[in-house]
Amino acid sequence: MTPELIIAIIVTVVGASTPILIAATGELVVEKAGVLNLGVEGMMLVGAIAAFITLFLTGNHYLAIALAAAAGVATSLIFGFLTLSLSANQTATGLALTIFGTGFSALAGQGYSARPVTLLGPLFPAEIATHPVWRVLFGYSALVYFSLAMVIAVWWFLKKTRAGLILRAVGENDLSAHSIGYSVVGVRYAAVAFGGAMAGIAGACFPLLLTPQWAERMTAGRGWIAVALVVFASWKPFRLLAGAYLFGLVMTMELYAKAGGGPLSVIPSELWAALPYLVTIAVLVLISIRRDASSNAPACLGRPFLPSN
Amino acid sequence: MQFRLEKRLEPSRLMLYATPIAAVLLTMVIGAVIFSLIGYDGIGAVREIFFTPLTNAFKWQDLGVKAAPLIIIGVGLSIAYRANVWNIGAEGQYVMGGLAATWVALSTYGMSGWWILPLMMLAGVIGGAAYAAIPALLKTRLGVNEILTSLMLTYASVQLVYYLVRAPWKDPMGMGFPQTRIFSEAARLPTIIPGTIVHMGVPIAVAVALIAWFVMSRSVFGYQMKVVGAAPHAARYGGFSENKTIWLAMLVSGGLAGMAGMLEVAGPFQRMVPGFPTNYGFTAIIVAFLGRLNPLGVIFAGIVMAITFVGGEVAQTSIGLSSSATGVFQAMMLFFLLAGDILVRYRIKRVAPAAEARA
Amino acid sequence: MPYRLELTGITKRFPGVLANDNVSFAVKPGEIHALLGENGAGKSTLVKMIYGIMQPDAGEIAWDGQVVNVTNPKAARKLGIGMVFQHFSLFEALSVLENIALGMDAKIPARELEARIREVMNTYGLLLDPHRTVATLSVGERQRIEIVRALLLDPKLLIMDEPTSVLTPQEVEQLFDVLRKLAAQGCSILYISHKLHEIKALCDTATILRGGKLVDTCDPRQETSRSMAEKMIGAGLKDIVRQPGRSMGKPKLVVSRLSTRKTGHFDVPVDDVSFTVRAGEIFGIAGVAGNGQNALLDALSGEIIGDDKDAVTIDGYPLGLLGTTGRRKHGLCAVPEERNGHAAIGDFSLSDNSVLTARDRLGMVMLGLINSGAAKTYTGKVIADFAVKALGPGSTAGSLSGGNLQKYIMGREILQKPSVLVVSQPTWGVDAGAAAAIHQALVDLAAAGSAIVVISQDLDELLALCDMLAVINLGHLSPARPVDGVSVEEIGLLMGGVHGTMEGADAVPA
């Protein structure tokens, strides 16, 4: 392998990982607040179509990202209203949200397939990234840097700020947080909305970063992989990085195999396509073999909040 | 004036059964409004999706054929969800059931005999159950979340279909199309009403639901599913093993999904094609909830869902509405149902102005 | 000087219950004021309104002579009201420091907060490491966090809700010292309890509630325990009727070298526990919560199965390898501490709850099908014999009050005529009438020749009920003693983990 190829692979891996990383970072905050939103896939699809249509009509990438975030928030608030205000079952509502997002994005995206848009270019001027080594550091679009910055920001928020402490407290023991006088529902709404914004932006990565077009179900289960990644990371932000880049690597290998890249193409392309999902299962198995991995889960995860008064 | 929720002493049975019906009606009303607002013919969409399939007698056979797999899978899922086992990979188990039945059909190609269809049925059930056994094993042995594993396996199973019909099972006379050959006569499901497309799967679906209803309401098996789902700690105290229950729930729901896969591939499809995964397994999740996790309710919900499918196709040709609109309507129905759930346990009470001033 | 706190005509209504009916009383500065009443008398509702968690439907709260509207706990803390809850509002996965920070309304830098915490701890002798995770602390230590958290706000009124139910007698004495020191500095204390001897030892004034109404405000030092108890309960007290000079039968339940594995982070397994219960005997197991009681009950009932068949035997028959169903068939029934979700399923009808444990012993199952008629008949008998207040066998378990549900559960097991019955916390959170009925039923079952094990944290209950008594501490069981020959101090030391008298004398805090 030449250095150029290695660098090209690294750049592709980082790109492929970014949407998963962004969505997982959002979901991590949601789960830390004690809420399990399984609608990430649906919110990502809504974000993807919002970003695509905005980009197609205005050509403005950053406006597309902003509207994708807004669309993600709006979708997440359906979930929030049902589970937080009406105490509906979180698992069922999350599934419903994914079914809704799939249908809604397909409906909204009718007539937009096969229309081309342009990808979001690198953040830094090309001169900085001429040397291959510099390209590894400075050759990415703003979304990639955003994903890394958010991992750090979320770590800092949860670990170092009072608001983060309150959010963790709500996820650990909602009744106690309520009895001390914190608004459990308010904190959870905020977390769900943040998760929605992040999922929307993660969805925007698909037309903006990976394939410059709209296709139904183009997120192809990446939202579910993001949910799995949070478990894999034991609810610790920095561990999300390792998990996301592992998936990026698997997906990059698939791309190279499809492109007819030497030894990889011996294996049928369908197996490559199935690999990210099989790796997800393998990773979940590995993490569960390590003892007390699940004991890190927020104690109230997925449970409805029912104060007695 | 203000409203307040007040917990009911006992869950309301009336609300339990009224809310699914209200959810369907609300979906029609709100759906018409929303679709009108975003520039479609909202009332036309609701009419075509919800009523045309019922008023047009020619569509009834379509309803039966579409409802059958939804009911069979939905019954299985309703049992699993009762036990709090979140099998959401029924689509994958449906696919694997279809593939296993296809394997039997292709291996017996050219043969005849009454035993071929039962053998395919057996293969389908085993195929679906075996695929569901993977999440069951991982859940009981290692505590791996079954939602994620069963779903990931669904994505993998679809790729398996693509591979098999592209390479080893490809029809040699198929002019390069990625599909198997048409099954021989003995491996195709006969129609039961001459001149229609109604096949054996329709009465089987009704029978499955009735048997499941009896088992769930009367037997220790049904009791076990319900106790483990409602209070796992109490279940252990009562002598029911949680792991055994997870296994049973996964195998039953997977086996029924596999049965539906066999009926589909031997009935409407008559061959394996890349388009075989038709999302029945996902729609059946809505069916199970809309049917209140009760096998008899699942029959009703399966028919409602089949109406939206058939109606969605009607609306596609008659008023040019995208088929994805059906999915939006189905999700709305589930949203309204989940929102209505709170009325089962709480009643809405008007707060008197005097008390409100203090509150 | 105005009263620190004055309540006038406080009324609070819940669906179907009048929780507080026109309650009025006042607390002076520096006074330790008891709020006394049975479970369900309306004490908790009343203090929740003082602390702003609930709002009264009618009546006034005055603070230092001014009528105030306490809209939420934050407003209460701003006034200078602190509260220590019966069920701690702590976060297990967080540190002591983080827990205390969460209870502070003002933003205080972590370092400054830590210094203040250490200061309060030293002043009142409440020692704790601020950086430890709560999950690793004992119940008594956890309560200290709550107290420190309340004291950091310099409260003028401290509300203590049943603070001693989880403490050893020695820990109770330490707590009283802290409270007296606080009161001497002018802080008022509202002390909620139903333990009469504590109130006599600690409080200046007692306000007694019954059925939501104020019965009396009195000086506990002028009253006898009996007179206060009668005010609290109303009608004359019923004593347990037991035949004097009973003779015990042969050893029935023999537990030998029973151990369990540690399963989760926070539970305490039992380690090498042995004891014998004779036919007709009631064997009590005392101990502070969280010392292995749950594991012991599960290991006896069969929810936890060990690998030694002789660890649990009835009349010599080994049950050690059987599950709950197998042990029930051989006559061992059990009632766990948690009623809702463990001993009963709230969403199920009482009839379906009977199927849970009685299906095999009473033949409710034929060929895998449930005979719902038999379940209904049996449930009706339980409801009638144990005076369970329920509409019928079709009522859901969740619709019953705690006391009625407990009567149903006890009845469901006792009417199966078990030869061995193991119960945990049989009267926890149950009103006095129901508690008396349950105690009588246990005594009667023993008189009929069954062996009974009662696991409880309520020493008074055990002393009144049992023939033999042992103490569980960190999963170890002390040797059993006849109840007639033990002192509360001795039991208290055992509960605190001190074994043997010499050692014990050194360990008593001065």
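The numbers here are math on the coordinates, done by the rules we state, and not lab data. From a predicted model like this one, the values you see are computed outputs, not experimental measurements. Counting neighbours? That spans all protein chains shown, and the Cβs are built from the backbone with ideal geometry, glycine included.
A compact table of results
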read-out: Point-to-point label distance, C:ASN122-C:LYS262, nm (Cα→Cβ direction, 7 Å offset); value: 3.4
read-out: Calculated from backbone phi, Karplus (6.51, -1.76, 1.60) coupling profile of segment C:115-121 in Hz, x at Gly/Pro; value: 4, 5, 4, 4, 5, 4, 4
read-out: Lysine pairs meeting the criterion (Cα under 27 Å, 8 or more apart or interchain), as found in chain B; value: 6
read-out: Nitroxide proxy distance, nm - points 7 Å out along Cα→Cβ at A:ALA149 and C:ASP484; value: 8.2
read-out: Solvent-free Debye scattering, log10 I(q)/I(0), computed from the Cα coordinates of segment C:5-233 at q = 0.08, 0.10, 0.13, 0.15 Å⁻¹; value: -0.28, -0.45, -0.76, -1.01
read-out: B:LYS170 paired with C:ARG13, simple spin-label distance in nm, labels 7 Å along Cα-to-beta-carbon; value: 7.9
read-out: Table column - 3J(HN,Hα) (Hz), segment C:133-139, Karplus curve with 6.51, -1.76, 1.60, x for Gly and Pro; value: 7, 4, 4, 8, 9, 6, 4
read-out: Under-5 Å amide H pairs with A:GLN110, H placed in peptide plane, nonlocal only; value: none
read-out: Relative contact order (%) - segment B:1-156, alpha-carbon pairs under 8 angstrom, separation at least six; value: 19
read-out: Cleavage-rule hits (trypsin sites (Lys or Arg not before Pro)) in segment C:248-341: DSSP loop, at most 11 neighbouring Cβ within 10 angstrom; value: C:ARG261
read-out: Cα-Cα P(r), segment A:18-231, percent of pairs per 5 Å interval; value: 1, 8, 15, 19, 18, 14, 11, 7, 4, 2, 1, 0
read-out: Environment charge of C:LEU128, counting only residues whose C-beta is closer than 10 Å and scoring Lys/Arg +1, Asp/Glu -1; value: +2
read-out: Integer Hz, Karplus 6.51/-1.76/1.60 couplings in order for segment B:51-56, x for Gly and Pro; value: 10, 3, x, 8, 7, 8
read-out: Top positive-direction residue, dipole computed over chain C with Cβ charges, set C:GLY402, C:ALA446, C:VAL47; value: C:GLY402
read-out: Neighbour cut-off at most 10 other Cβ (10 Å), DSSP loop, trypsin sites (Lys or Arg not before Pro), segment C:63-124; value: C:LYS107
read-out: Computed [θ] at 222 nm, deg cm²/dmol, chain B (DSSP H ≥ 4; -39,500 (n - 2.57); rounded to nearest 500); value: -22000 deg cm²/dmol
read-out: Kirkwood-type radius of the protein assembly as shown, with distances r between different C-alpha atoms, in Å; value: 33.1
read-out: Order of C:MET160, C:MET366, C:MET232 - criterion: other Cβ atoms within 10 Å of each residue's Cβ, fewest first; value: C:MET366, C:MET232, C:MET160
read-out: Loop trypsin sites (Lys or Arg not before Pro), segment A:124-232, which have at most 14 other Cβ atoms in a 10 Å radius of their Cβ (DSSP); value: A:ARG217
read-out: Residue order, fewest to most surrounding Cβ atoms within 10 angstrom, among C:VAL17, A:VAL30, B:VAL104; value: C:VAL17, B:VAL104, A:VAL30
read-out: Contact order relative to length of segment C:5-233, as percent, for alpha carbon pairs under 8 angstrom and 6 or more apart; value: 30
read-out: Only Lys, Arg (+1) and Asp, Glu (-1) charged, at Cβ; the protein assembly as shown dipole about Cα centre in debye; value: 1700
read-out: Proxy reagent accessibility, fewest Cβ within 10 Å first, across B:MET225, B:MET332; value: B:MET332, B:MET225
read-out: Check: segment C:252-507 dipole with +1 on Lys, Arg Cβ and -1 on Asp, Glu Cβ, in debye; value: 1180
read-out: Amide H within-cut-off set for C:ASN371, under 5 Å, with H built and near neighbours excluded; value: C:VAL365, C:MET366
read-out: Greater than 19 Å apart at Cα, pairs in C:LYS28/C:LYS195; C:LYS252/C:LYS309; C:LYS262/C:LYS329; C:LYS250/C:LYS381; value: C:LYS28/C:LYS195; C:LYS262/C:LYS329; C:LYS250/C:LYS381
read-out: Three-way shape call for segment B:2-358 based on the alpha-carbon gyration tensor, with the a/c threshold at 1.5; value: oblate
read-out: Max mean-square fluctuation residue, GNM over chain B, Cα-Cα springs under 10 Å, options B:LEU343, B:LEU296, B:LEU334; value: B:LEU343
read-out: Contact order normalised by residue count of segment B:141-186, Cα under 8 Å, 6+ apart, percent; value: 21
read-out: Förster radius 22 Å - calculated FRET efficiency between A:SER85 and A:LEU63, Cβ distance, rounded to 0.05; value: 0.10
